[in-house]
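Each remark here refers to the structure printed beneath this line.
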Amino acid sequence: MVTAGGAWWSDAGGYVPGVLEALAEHPGKVVLRYPGTELTAGAYLRAVTGTYRTLRAAGAGRGTVVAVLTAPNSPDMITVRHAAHLAGAAVCFLRSTNPGTSTAMLPLTDQLGILRATGASVLYADRTSAARAAELAEGCGAFLIGPGQDGAARTEPTDDPGHVAPEHGAPDDLAVIMFTSGSTGRPKGIRKSVRAWEGTVRIAVETPPEAAEITALFSTPLSHSAGLLVDGALAVGGSVVLLPEFDADQVVRAVVEHGVTRTFMATTQLYRLLDHLDDLGHRDAAAAGLGGLRVLSYSGTSAAPSRISAALKVFGPVLLQLYGTTESGRITFLDPAGHADPGLAATVGRVFPEVEVEVRDPDSGAPLSDGQVGEIRMRSPQLMDGYLDASLDADALRDGWYRTGDIGYRDARGCLHLLDRVSDVVKVDGVKVYPAVVERELLTLPGVALAAVYGVRDTDGVEHLHAALTCRPGTLVEPDAVRKHISASLSPAQAPERVLVLDELPMNLGGKPDKARLREHSAATA
């Protein structure tokens with residue numbers, strides 16, 4: 001349907017019309033690729049229109065929440081979000097709370113908990129999720145829609161959005177409820193307003209693109225940062241390649257096959273990609289066919305300087321490290337020049353222009369000077385409005401400032417150094433040890449693939465420092481050698497009392513080493 005002002009979405013307001021207008025300029029261009037699927041811009045627009053029409057018929061609008069359950073990283077995750085936001089509705093995603101991978105689906109009871117907590121009135125499910133969606137809809141009373149499964153209102157591509165006009169939510173309206181497991185392992189719902197969400201999208205769109213046309217590859221969940229980056233690529237006329245999960249070999253193949261110019265991944269996934277290229281004998285990106293990459297951004301945990309150095313040698317000046325949280329949005333960045341500066345490689349870079357950061361005493365909250373170690377606090381226009389469980393807000397939000405729970409300091413150049421999480425600091429014989437610092441040093445040892453360092457209390461309540469690590473295939477790391485290396489490179493107090501060499505590190509819902517399970521394992525094998 002075309003209105004006097006143009007396409008039916010033209011006067012809707014918000015970020016979605018800008019994305020759709022960019023797509024409408026080249027309707028025959030393939031803009032989204034997913035295993036077994038290629039969508040042209042025209043097909044995508046019809047999918048959004050058809051989904052919008054069904055959502056409206058199901059009662060979606062301002063003040064309602066649309067829940068989404070699909071195969072990992074399905075293009076439907078973007079389609080439904082765009083359609084819901086044109087209707088003025090908020091969205092939440094049900095498959096997973098893990099920002100690194102969504103291949104493992106949450107249990108039914110957890111998904112029901114999310115539906116009930118958010119009050120979602122409409123549930124969109126693709127064909128792969130039909131059986132689970134039927135159980136969920138029955139359990140919470142949500143109106144089920146999708147592309148044709150039994151008992152669902154059918155969504156079909158169309159050019160006709162129906163008779164209900166789009167709505168743009170007010171700045172304080174709810175736009176997205178994102179879920180994160182956090183450091184506790186318990187999923188927490190994070191409320192993002194229209195103002196905060198659209199500000200974040202605007203940043204993604206306004207990021208200066210490389211000179212050539214963008215082809216972006218994403219394998220991390222679209223329910224988190226990757227979804228915003230998809231908008232940024234599409235809004236400037238680029239195309240997007242989606243993978244269900246991160247697999248180093250598949251990533252390399254996709255970059256080569258589709259001429260990918262930018263990608264985003266978790267820090268640990270960058271390590272896996274480096275190891276994969278090394279196993280193949282490729283000393284640089286060009287040798288692997290990855291010479292077309294112009295931006296390789298990564299986030300999740302601060303990177304080990306030794307790995308940064310190796311990545312710089314392989315990929316060249318294309319690395320962009322991002323530090324932020326689901327609650328805060330972006331906080332700092334380390335650009336390609338920073339990666340090449342030995343004085344900056346151990347930092348997470350400088351604060352983004354629209355962000356304010358302070359380092360404060362964790363107990364008193366008093367501001368600290370440069371060089372003094374304390375808790376990182378921040379505020380910005382992209383900050384969450386609060387948690388779905390409002391009782392959590394008092395600890396996290398103070399006078400408009402968000403307590404990140406990260407320990408670090410700012411140096412004289414204005415760069416932020418992260419040491420660890422407040423909750424992970426271990427006291428060994430009265431000395432504070434930051435496990436993340438030890439982990440980064442462990443990764444300098446030849447053969448070490450991943451490492452986790454954590455505190456274990458004995459029956460007297462005394463803390464002991466333990467470490468668990470995995471090795472690359474064909475290598476052997478001796479625990480005694482590990483302890484000697486840490487004692488010499490850091491200090492004897494930072495040397496793990498016990499080192500476990502495991503086939504695989506257990507991971508929590510946030511995609512990070514599960515230190516609670518590792519503590520249990522250490523106790524069970526003592």
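Give me the residue from the stretch 436-450 that is hydrophobic (A, V, I, L, M, F, W, C) and touching a residue at least 40 places away in the same chain (Cβ under 8 Å) and, out of that set, nearest to His276 (Cα to Cα).
Among them, the one singled out is Ala449.
Could you check, for the stretch 489-501, whether at least one of its residues is open to solvent by 60 Å² or more (accessible area, probe 1.4 Å), without any contact (Cβ under 8 Å) to a residue 12 or more places away in the chain, out of contact with any helix residue (DSSP H, G or I) (no Cβ under 9 Å at 6 or more places or on another chain) and closer than 23 Å to Gly430 by Cβ?
Scanning the stretch 489-501, I find no residue that is open to solvent by 60 Å² or more (accessible area, probe 1.4 Å), without any contact (Cβ under 8 Å) to a residue 12 or more places away in the chain, out of contact with any helix residue (DSSP H, G or I) (no Cβ under 9 Å at 6 or more places or on another chain) and closer than 23 Å to Gly430 by Cβ, so the answer is no.
Out of the residues in the stretch 347-384 meeting the condition of being open to solvent by less than 40 Å² (accessible area, probe 1.4 Å) and among the small types (Gly, Ala, Ser), tell me which one is nearest to Ala303 (Cα to Cα).
Selected residue: Gly349.
Which one is nearest to His521 (Cα to Cα), of the residues in the stretch 446-457 that are open to solvent by 30 Å² or more (accessible area, probe 1.4 Å) and in contact with a helix residue (DSSP H, G or I) (Cβ under 9 Å, 6 or more places away or on another chain)?
Arg457
In this structure, is Val31 touching a residue at least 12 places away in the same chain (Cβ under 8 Å), assigned to a strand (DSSP E or B) and closer than 23 Å to Ser193 by Cβ?
no
Output the qualifying pairs, or none if there are none: Cβ atoms under 8 angstrom, residues six or more apart or on different chains, first residue in the stretch 121-137 and without any contact (Cβ under 8 Å) to a residue 24 or more places away in the chain, second residue open to solvent by less than 10 Å² (accessible area, probe 1.4 Å).
Hits for this filter: Arg127/Gly146; Ala130/Gly146; Ala137/Leu123.
Go through the residues of the stretch 41-51 one by one and say whether even a single one is free of Cβ contacts under 8 Å to residues at least 40 places away in the same chain, of a type in the set (Phe, Trp, Tyr) and within 17 Å of Ala7 (Cα to Cα).
yes
Answer yes if at least one residue in the stretch 141-155 is at pLDDT 95 or above, out of contact with any strand residue (DSSP E or B) (no Cβ under 9 Å at 6 or more places or on another chain) and not β-branched (Val, Ile, Thr), and no otherwise.
Scanning the stretch 141-155 turns up no residue that is at pLDDT 95 or above, out of contact with any strand residue (DSSP E or B) (no Cβ under 9 Å at 6 or more places or on another chain) and not β-branched (Val, Ile, Thr).
Based on what the data block shows, is Gly259 touching a residue at least 40 places away in the same chain (Cβ under 8 Å), of a type in the set (Gly, Ala, Ser) and closer than 19 Å to Gly316 by Cβ?
yes
For the list (1) modelled with pLDDT under 95; (2) at negative phi, I need the number of the one condition that Gly329 fails.
Of (1) modelled with pLDDT under 95; (2) at negative phi, only one is false for Gly329: (2).
Quick one: His163 ticks every box in (1) more than 15 Å from Gly113 (Cβ to Cβ); (2) touching a helix residue (DSSP H, G or I) at 6+ places or on another chain (Cβ under 9 Å); (3) at pLDDT 95 or above except a single one, so which number is it?
Just one mismatch for His163, condition (3).
Which of the residues that make up the stretch 444-473 are under 14 Å from Pro496 (Cβ atoms) and among the hydrophobic types (A, V, I, L, M, F, W, C)?
Selection gives Leu445, Val448, Ala451, Ala452, Val453, Val456, Leu465, Ala467, Ala468, Leu469.
Identify, please: which residue in the stretch 421-435 is surrounded by fewer than 23 Cβ atoms within 10 Å (Cβ to Cβ) and either in contact (Cβ under 8 Å) with a residue 40 or more places away in the chain or under 21 Å from the mean Cα position of the chain (by Cα) (or both) and is, among those, farthest from Gly349 (Cα to Cα)?
Once the filter is applied, the top-ranked residue is Asp429.
Check Gly13 against each of (1) open to solvent by less than 40 Å² (accessible area, probe 1.4 Å); (2) under 21 Å from Val122 (Cβ atoms); (3) not in a helix (DSSP H, G or I) and name the one condition it does not meet.
(2)
Please go through the stretch 214-233 and pick out each residue that is among the polar types (S, T, N, Q) and closer than 13 Å to Gly511 by Cβ.
Residues satisfying the conditions are Ser219, Thr220, Ser223, Ser225.
Select from the stretch 34-51 the residues that are part of a helix (DSSP H, G or I) and over 17 Å from Leu222 (Cβ atoms) and list them in ascending order.
Ala41, Gly42, Ala43, Leu45, Arg46, Thr49, Gly50
Hey, among Thr54, Thr64, Thr37, which residue is open to solvent by 10 Å² or more (accessible area, probe 1.4 Å) and under 24 Å from Ala254 (Cβ atoms)?
Exactly one residue qualifies, and that residue is Thr37.
Checking the conditions here, which among Val230, Val236, Val241 is over 25 Å from Lys192 (Cβ atoms) and among the hydrophobic types (A, V, I, L, M, F, W, C)?
That would be Val241, the only listed residue that is over 25 Å from Lys192 (Cβ atoms) and among the hydrophobic types (A, V, I, L, M, F, W, C).
Across the stretch 394-416, what is the total count of residues that are open to solvent by 30 Å² or more (accessible area, probe 1.4 Å) and closer than 30 Å to Leu174 by Cβ?
Final tally of qualifying residues: 7.
Residue under question is Val201, and the condition is that it be open to solvent by 30 Å² or more (accessible area, probe 1.4 Å), at pLDDT below 90 and aliphatic (A, V, I, L, M); does it hold?
no
Got a number for residues in the stretch 285-331 being of a type in the set (Val, Ile, Thr) and in contact with a helix residue (DSSP H, G or I) (Cβ under 7 Å, 6 or more places away or on another chain)?
The total comes to 4.
In the stretch 245-300, which residues are open to solvent by 10 Å² or more (accessible area, probe 1.4 Å), of a type in the set (A, V, I, L, M), modelled with pLDDT of 95 or more and touching a His at 6+ places or on another chain (Cβ under 9 Å)?
Ala248, Val252, listed by residue number.
Would you confirm whether or not the stretch 328-344 contains a residue that is open to solvent by 50 Å² or more (accessible area, probe 1.4 Å) and touching a Phe, Trp or Tyr at 6+ places or on another chain (Cβ under 8 Å)?
The answer is yes; a qualifying residue exists.
The values are calculated or read from the model by the stated rules, or taken from the named source; none is laboratory data. From a predicted model like this one, the values you see are computed outputs, not experimental measurements. Quick reminder, even Gly has a Cβ in these numbers, built from the backbone with ideal geometry, and neighbours come from all protein chains shown. Surface accessibility is based on the protein's heavy atoms, side chains included, excluding ligands, DNA and RNA. Shrake-Rupley method; radii C 1.70, N 1.55, O 1.52, S 1.80 Å.
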